[in-house]
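Rule-based calculations on the coordinates, nothing more; no lab input. Everything numeric in this text was worked out from a predicted model, so none of it was measured. Here the Cβ positions follow ideal geometry from the backbone for every residue, glycine too, while neighbour counts run over all protein chains shown.
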Amino acid sequence: MTILLTGGAGYIGSHVLFACLAAGHEVVVLDDFSNSSPAAVSRVRELAGGVVTLYRGDVRDGKLLADIFAGHAITAAMHFAGKKAVNESVADPLDYYGVNVGGGMSLMRAMAAAGVFRLVFSSTASVYGERVEMPLTETSPLGEPANPYGRSKMMVERVLTDLCRADPRWSVGVLRYFNPAGAHPSGRIGEDPLGPPSNLIPYAAQVAVGRRPQLLVFGNDYPTPDGTGVRDYIHVMDLAQGHLAALGYLKERTGHHVWNLGTGRGYSVLEVIRGIERVTGQPLPWAVAPRRAGDIAQYWADPSLAGKDLGWRATRGLDDILADHLRWQQQNREGYAG
Ligand code: NAD
Ligand code: UD1
């Protein structure tokens, strides 16, 4: 089948592109390269072969989307295009709601006009807000996301719910990612953030290769076993397989479906640091700093619904995530520009 990937040159999109091509699908990628490089798509082509058509453009451009749907026999879309930097979203909420909510709605409109109703959407565990009971299940009540980025994702989730209620032809899979990290094991594609990374594993990996002097641990006084924040890190290759599994499920059914994509196990910041030291055999320089505003002490997924519905589960653990992330960073010290 032919699948449209918006944002298919980005970190997660490029790994899903690999998985789609490896599974024999044809893919159309739409990306404006505002946070990625066309090199990611070329490298995936080298790794997987197959047929990819690449469009440079904005997902909010309805005319471009109409042309893309008219030019290809697309039967499903996966929507990755969007902005994801929490600090930026606080500073420029209009941009974040414009791209994330406006972009999502532009895609939904173009899909409906083209008669394509199967959509997988990248959401986030941030929609659960701050909760005490762990693990998080899909039926846990949604909370108040701590920032405009999280709220923009929640808004798109709500639009999709309403759309499925209004028109029974839609078949929608909302994937709530926990903390994606890692890279394709070849080291050819991976996460390439612009500027200093804000997430733990990309930052720590840049410290490990000597690109940054030390990691700051944001708070060691949380109510967690060692006082540092606990997260459910999920390998991006496992995440990519989750997308294919969701697409397969949606082929047989209509309606609105939500799945957590996580491992079900949380690791603290100090456990991640020790993991990196294990993988590199070198000490990782770090120091304790104050808590980061808006951070939550701990959260991890109950991924059992994805297991039951999709036959999917994460197969890679923390050491695989760290080894693969570090390999990408070592081989591409400056990312795709290096
Ligand atoms: P990314 O920034 O690497 O990828 C997003 C891609 O979308 C980039 O290639 C960017 O150039 C493109 N893009 C941005 N605005 C666009 C626009 N208006 N038109 C066309 N293309 C546009 O991010 P990612 O980590 O791959 O995340 C993919 C999706 O998953 C995003 O929607 C993100 O919010 C969501 N998500 C990511 C994480 C994470 O930790 N990485 C967690 C939860 C959810
Ligand atoms: C962050 C975002 C969240 C987004 C998610 C995507 C914030 C407040 N939240 O979540 O909206 O959906 O990324 O993956 O930015 N840490 C350090 N030092 C660092 C970086 C992080 O100690 O340099 C700690 C954090 O305090 C946290 C853990 O590492 O305890 C993980 O942080 P991070 O990778 O940024 O992910 P989230 O906070 O879960």
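A few remarks follow.
- Karplus-derived 3J(HN,Hα) values for segment 151-168, using 6.51 cos²θ - 1.76 cosθ + 1.60 with θ = phi - 60°, are 5, 5, 5, 4, 4, 5, 4, 5, 4, 5, 4, 5, 4, 5, 5, 7, 9, x Hz; glycine and proline are entered as x.
- DSSP bridge orientation in the chain - percent antiparallel, rounded to nearest 5: 5 percent
- In this structure, the amide hydrogen of Leu261, modeled 1.01 Å from its nitrogen in the peptide plane, lies closer than 5 angstrom to those of Arg176, Tyr177, Phe178, counting only residues at least 5 positions away or on a different chain.
- Within a Gaussian network of the chain (alpha carbon springs, distance under 10 Å), most fluctuating of Gly71, Gly102, Gly62: Gly71
- Taking amide H as placed 1.01 Å from N in the peptide plane, Val120 has its amide H under 5 Å from the amide H of Ala77, Met78, His79, Gly173, each at least 5 places away in sequence or on another chain.
- Segment 5-53-segment 252-291 distance, computed between alpha-carbon centres (Å): 25 Å
- Segments 48-54, 288-294, 273-279 sorted - mean Cβ within 10 Å per residue, highest first: 273-279, 48-54, 288-294
- Charge tally in the Cβ shell below 10 Å around Arg211, where Lys, Arg are +1 and Asp, Glu are -1, Arg211 excluded: +1
- The helix-based estimate of mean residue ellipticity at 222 nm for the chain, built from -39,500 (n - 2.57) per DSSP H run of four or more residues and divided by its residue count, is -12000 deg cm²/dmol to the nearest 500.
- Within-9-Å neighbourhood charge of Gly264 [Cβ basis; K, R +1; D, E -1]: 0
- Using the average count of surrounding beta-carbon atoms within 10 Å as a protection proxy, the listed peptides 202-214, 13-25 rank, highest first, as 13-25, 202-214.
- Counting only DSSP beta bridges with both residues in segment 61-200, the antiparallel share comes to about 0 percent.
- Each other residue within a Cβ distance under 14 Å of Pro145 adds +1 if Lys or Arg and -1 if Asp or Glu, for a net charge of +2.
- Protection proxy ranking, peptides 228-240, 300-312, average beta carbon neighbours within 10 Å, highest first: 228-240, 300-312
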